[in-house]
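Scroll down for the structure; my scribbles are underneath it.
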Amino acid sequence: DAGVIQSPRHEVTEMGQEVTLRCKPISGHDYLFWYRQTMMRGLELLIYFNNNVPIDDSGMPEDRFSAKMPNASFSTLKIQPSEPRDSAVYFCASSPRTGGLTEAFFGQGTRLTVV
Amino acid sequence: AQKITQTQPGMFVQEKEAVTLDCTYDTSDPSYGLFWYKQPSSGEMIFLIYQGSYDQQNATEGRYSLNFQKARKSANLVISASQLGDSAMYFCAMRELGNTGFQKLVFGTGTRLLVSP
């Protein structure tokens with residue numbers, strides 16, 4: 001398997017523009033997580049899905065952020081409108097739902113810069 | 001409330017020495033898993049080691065071992081025989097099974113390890 005695939009790897013956009021980050025989880029994985037990493041706040045869990053259903057979005061910072069998972073092989077994180085404080089590395093991760101508590105596999109991340 | 005606490009923002013160790021990175025956690029769930037990830041300067045998140053709450057023995061993976069003290073709610077990572085390539089950020093993380101049946105994965109703030117020659 002190719003692992004978790006995120007696109008784009010880098011995104012530079014102007015304040016006020018819409019930004020869409022994409023994630024393809026590992027095939028067969030039931031969980032999908034979106035994280036944001038900044039120097040100030042570390043690695044924050046934004047939202048996670050199980051079987052394409054959003055389970056907990058309490059980490060989404062505000063209404064400008066939205067996430068969808070229309071099918072088992074694709075998820076998006078959208079920011080509209082974007083602001084400079086949204087600049088961060090956004091990670092997507094997936095994990096299987098087995099009997100135990102398994103590790104999550106991370107994508108390479110999307111580095112977002114809002115100017 | 002902070003679920004995972006890593007109190008060491010930075011650690012220094014000499015090559016070939018052992019180093020311990022601290023992690024304490026907070027949960028009332030009897031079923032949980034603890035994880036350590038490494039993030040080198042290139043940015044990817046690399047899974048290192050896992051410890052389940054019901055595991056009787058401390059987990060080991062090569063030069064990595066997890067010093068699990070359940071009563072103290074600590075899960076320290078021990079790296080033996082440090083190498084220059086071990087210089088990176090290290091994150092402790094926890095998954096709780098919970099009564100909802102769903103498992104979120106939350107991270108600590110990380111410890112930056114620098115290995116010197």
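The values are calculated or read from the model by the stated rules, or taken from the named source; none is laboratory data. Since we're looking at a predicted model, the values are computed, not measured. FYI the Cβ positions are ideal-geometry reconstructions off the backbone, even for glycines, and counts take in every protein chain you see. For the accessible areas, the whole protein counts, side chains as well, though only heavy atoms, and no ligand, DNA or RNA atoms are used. Shrake-Rupley method; radii C 1.70, N 1.55, O 1.52, S 1.80 Å.
Hey, got the average number of other protein chain Cβ atoms within 10 angstrom for residues in A:103-113? Mind dumping the intermediate values first?
Numbers: counts 11, 8, 3, 7, 2, 4, 4, 0, 1, 0, 0.
Counting Cβ atoms of other protein chains within 10 Å of each residue's Cβ and averaging gives 4.
Calculated FRET efficiency, residue A:38 and residue B:16, Cβ-Cβ r, R0 35 Å, to nearest 0.05?
On the way: r = 34 Å, r/R0 = 0.97.
For R0 = 35 Å, the calculated efficiency reads 0.55.
Scattering from the C-alpha atoms of chain B alone, worked out with Debye: what is log10 I(q)/I(0) at q = 0.21, 0.22 1/Å?
With no solvent term, the Cα-only Debye profile gives -1.16, -1.26.
Starting from the 7 Å offset along Cα-to-Cβ, what nm value, one decimal, do you get for the label separation of residue A:115 and residue A:68?
3.0 nm
Per Stokes-Einstein, at 10 °C and 1.306 mPa s, what whole-number D in µm² s⁻¹ belongs to the protein assembly as shown, with the Kirkwood radius over Cα pairs as the hydrodynamic radius? Provide the component values of the computation, followed by the final result.
Working: Rh = 18.3 Å.
D = 87 µm²/s.
Using a/c under 1.5 as the rounded threshold, could you call region B:33-102 rounded, prolate or oblate? The axes a ≥ b ≥ c are square roots of the C-alpha gyration tensor eigenvalues, and prolate needs a/b larger than b/c, oblate otherwise. Please list the in-between numbers first.
Values: a/c = 2.67, a/b = 1.47, b/c = 1.82.
Since a/c reaches 1.5 but b/c is at least a/b, the shape of region B:33-102 is classed as oblate.
Output the pairs from B:3/B:38; B:73/B:104; A:68/B:70; A:78/B:3; B:38/B:73 with a Cα-Cα distance over 30 Å in this structure; if there are none, say none.
On the way: B:3/B:38 19 Å; B:73/B:104 18 Å; A:68/B:70 37 Å; A:78/B:3 27 Å; B:38/B:73 21 Å.
Result: A:68/B:70 exceed 30 Å.
Within 10 Å, count the other beta carbons around each residue, average over each peptide in B:83-96, B:52-65, A:13-26, and list them highest first.
On the way: B:83-96: 20.0, B:52-65: 13.8, A:13-26: 16.9.
Peptide ranking by packing, descending: B:83-96, A:13-26, B:52-65.
Sticking with the crude label model, points 7 Å out along Cα→Cβ, report the distance from residue A:2 to residue B:44 in nm, one decimal please.
Distance between the two pseudo-spin positions: 1.4 nm.
Using mean Cβ contacts within 10 Å as the protection proxy, how do B:7-14, A:5-12, A:45-52 order, highest first? Walk me through the numbers on the way to the answer.
On the way: B:7-14: 12.8, A:5-12: 14.4, A:45-52: 19.4.
Packing order, densest peptide first, comes out as A:45-52, A:5-12, B:7-14.
Going by a 1.4 Å probe on protein heavy atoms, which residues of region B:86-106 end up with at least 20 Å² less accessible surface in the whole assembly than in their chain alone?
Those residues are B:91, B:95, B:101, B:102, B:103, B:104, B:105.
What would the Debye formula give as log10 I(q)/I(0) at q = 0.22 Å⁻¹ for the alpha-carbon point model of region A:59-115, no solvent?
Those come out to -1.01, one per q.
At 0.36 nm per residue, minus the direct Cα-Cα distance, what do residue B:73 and residue B:116 gain on full extension? Give it in nm, one decimal, please.
Additional length available on full extension: 12.4 nm.
What's the buried accessible area, both sides, between A and B using a 1.4 Å probe, rounded to 100 Å²?
Accessible area lost upon association: around 1900 Å².
What FRET efficiency, computed as 1/(1 + (r/R0)^6) with R0 = 30 Å and r the Cβ-Cβ distance, is obtained for residue A:80 and residue A:53, rounded to the nearest 0.05?
On the way: r = 22 Å, r/R0 = 0.74.
Taking R0 as 30 Å, the efficiency between residue A:80 and residue A:53 is 0.85.
Across the residues of B:51-58, average count of Cβ atoms on other protein chains within 10 Å?
Details: counts 1, 3, 1, 1, 0, 0, 0, 0.
That average works out to 1.
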